[in-house]
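The values are calculated or read from the model by the stated rules, or taken from the named source; none is laboratory data. It should be emphasised that the depicted structure is a prediction, and the values quoted were computed from it without experimental measurement. FYI the Cβ positions are ideal-geometry reconstructions off the backbone, even for glycines, and counts take in every protein chain you see.
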Amino acid sequence: MSAPKVFESEYKFLCILWDNEPINSTALVKLCKEKLGWVKGATYTVIKRLVERGVVKHQDTIVSTLVTKEDVRLSEFDELLNNRFEGSLPAFIATFSKKQSLSEKQIEDIMRIINEESEG
């Protein structure tokens, strides 16, 4: 499933929701105030926007997600890869490796993923 665009503040909200869902909207408002410093109106505005875009469900005061964290991450990655690296994963990896020092464990994990993908 391709997730709709999620903005940074919405992603922070979704992280709270993923960790606590399903959750009563009043309890969610309290969590957002505690963790994000949001007022009640801001939380309900974000809930409304995400409901309209098919990201969350708000029914009978219960809020839950309709997309997974992985869905959102994949969608964001696709956008980044296509918009900044012309769809080239090797270009992305080359840029990433110049900026980020990789440990031996990280390199082994990446190689394992590549090997698993190439095997089928």
Checklist entry - Of the residues that sit in the stretch 86-106 and are farther than 23 Å from GLU76 by Cα and either in a helix (DSSP H, G or I) or touching a strand residue (DSSP E or B) at 6+ places or on another chain (Cβ under 9 Å) (or both), which one is modelled with the highest pLDDT? => result LYS105
Checklist entry - Based on what the data block shows, is THR45 assigned to a helix (DSSP H, G or I), more than 13 Å from the chain's Cα centre (by Cα), hydroxyl-bearing (Ser, Thr, Tyr) and surrounded by fewer than 13 Cβ atoms within 10 Å (Cβ to Cβ)? => result yes
Next on the checklist: Any residue that is of a type in the set (Asp, Glu) and in a helix (DSSP H, G or I) - is there at least one of those in the stretch 9-16?
Outcome noted: yes
Item to check | Pair list, Cβ under 6 Å, 6 or more apart: the stretch 66-77 residue charged (D, E, K, R), other residue surrounded by 13 or more Cβ atoms within 10 Å (Cβ to Cβ) and modelled with pLDDT of 95 or more | outcome: LYS69/TRP18
Checklist entry - Which residue pairs have Cβ atoms under 8 Å apart, sit 6 or more places apart or on different chains, and have a first residue in the stretch 1-27 that is within 16 Å of LYS57 (Cβ to Cβ) and touching a residue at least 60 places away in the same chain (Cβ under 8 Å) and a second that is part of a helix (DSSP H, G or I) and among the β-branched types (Val, Ile, Thr)? => result ALA3/VAL72; VAL6/VAL72
Next on the checklist: Against the condition part of a helix (DSSP H, G or I), closer than 19 Å to GLU21 by Cβ and in contact with a strand residue (DSSP E or B) (Cβ under 7 Å, 6 or more places away or on another chain), how does VAL51 come out, does it pass?
Outcome noted: yes
Checklist outcome for this item: Filtering the stretch 50-101 down to residues that are within 19 Å of THR26 (Cβ to Cβ) and surrounded by 13 or more Cβ atoms within 10 Å (Cβ to Cβ) yields LEU50, VAL51, VAL56, LYS57, HIS58, ILE62, VAL63, SER64, THR65
Checklist outcome for this item: When (1) closer than 17 Å to TRP18 by Cα; (2) of a type outside the set (Val, Ile, Thr); (3) surrounded by 12 or more Cβ atoms within 10 Å (Cβ to Cβ) are applied to GLU34, the one that fails is (3)
